Amino acid sequence: MTPPEAAAYCGLTPSGFRSWVMRGTLPPALPGTRRWDRKAIDATLDRLSNLTPDTPVQENDFDRWKREKKLRDVRRGRVPTKEQRGSRTRSARS
């Protein structure tokens, strides 16, 4: 990626991107070029945000509530099956 592309990819201004690279927060350009490797940037950003393949993404309270509510509704028979949802969709279109 070019410097402006890499900066936009990271959500930074070009000067902010240069600053992060000079401080060593982001990886340098590929040797002999002024281009950045997207995978190297991704790996660095993942490491900075504590997201590694070994670290699962934490479920927030709202997502946990939705998952548990869906399970409760399924157990109580309140969730329509795929066939029922499909028939409602078809009849709504008619």
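A few notes on this one:
- For residue 37, nonlocal amide neighbours, meaning residues 5 or more places apart or on other chains whose placed amide H falls under 5 Å from its own, are 30.
- Portion, in percent, of the accessible area of the stretch 2-72 that falls on carbon or sulfur, probe 1.4 Å: 57 percent
- Solvent-accessible surface (1.4 angstrom probe) belonging to residue 13, in square angstrom, nearest 10: 80 Å²
The values are calculated or read from the model by the stated rules, or taken from the named source; none is laboratory data. Every value quoted in this text rests on a predicted model; they were computed, and no experiment measured them. What goes into the accessible areas is simple: the full protein's heavy atoms, side chains included, and nothing from ligands, DNA or RNA. Shrake-Rupley method; radii C 1.70, N 1.55, O 1.52, S 1.80 Å.
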